[in-house]
Amino acid sequence: MSLCCTIVTDLKRTFQSLEIELHGLLTQKGDLEQSVTDIKGSHGSQLSQLQVCINSMEEELQQLNVSIQQQASEYQILLDIKMRLEMEIAEYRRLLDGEGLRQEVRKAIVVEKIQEIQVQEVVEKRVRVIVEEMVDGKVVSTSVDEKVQDMN
């Protein structure tokens, strides 16, 4: 009987120690689950902040692209005006230098226009050569040669 009591007592102690260990492991499991939940929340918050930052930068990039396109268009307009003014100044100089109206004048005006056109990240280089032949101050013939090169 004492052997049975000893075995029962040992089994009770083993049972109690296993039960204590089980409670400790359950507590540890709960703590780890809470830690995982906290980390997920923290990472979700950081991810949301990063997405807001990315969206803001994408919007800024779109605004910059629009601005660049507007500036390129304005530059082209100004370049065209400059070219016309230079041609007019050259004509006035020719007249002031005393060339007669009946005298045949041949001029070749070569104009290189370089346009950078950026539309959805496509960049082209355009070279336009305009040759005008003038007689007595009047344009008698004009030829235009334009070459387009893809810069991408």
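The values are calculated or read from the model by the stated rules, or taken from the named source; none is laboratory data. Just so it is clear, the structure is predicted and the values come from calculations on it, not from any experiment. Ideal geometry is used to build each Cβ from the backbone, glycine not excepted, and the neighbour counts take in all protein chains shown.
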| field | Residue that is nearest to Leu64 (Cα to Cα) [pool: residues in segment 121-136 that are outside any strand (DSSP E or B) and at pLDDT below 75] | value | Glu121
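Is it the case, given these coordinates, that Glu91 is more than 30 Å from Val127 (Cβ to Cβ) and either surrounded by 10 or more Cβ atoms within 10 Å (Cβ to Cβ) or in contact (Cβ under 8 Å) with a residue 40 or more places away in the chain (or both)? Before the answer, list the steps.
Values: more than 30 Å from Val127 (Cβ to Cβ): no; either surrounded by 10 or more Cβ atoms within 10 Å (Cβ to Cβ) or in contact (Cβ under 8 Å) with a residue 40 or more places away in the chain (or both): yes.
So Glu91 fails the test.
When you scan segment 1-17, how many residues do you find that are assigned to a helix (DSSP H, G or I) and loosely packed, with under 10 Cβ neighbours inside 10 Å?
4
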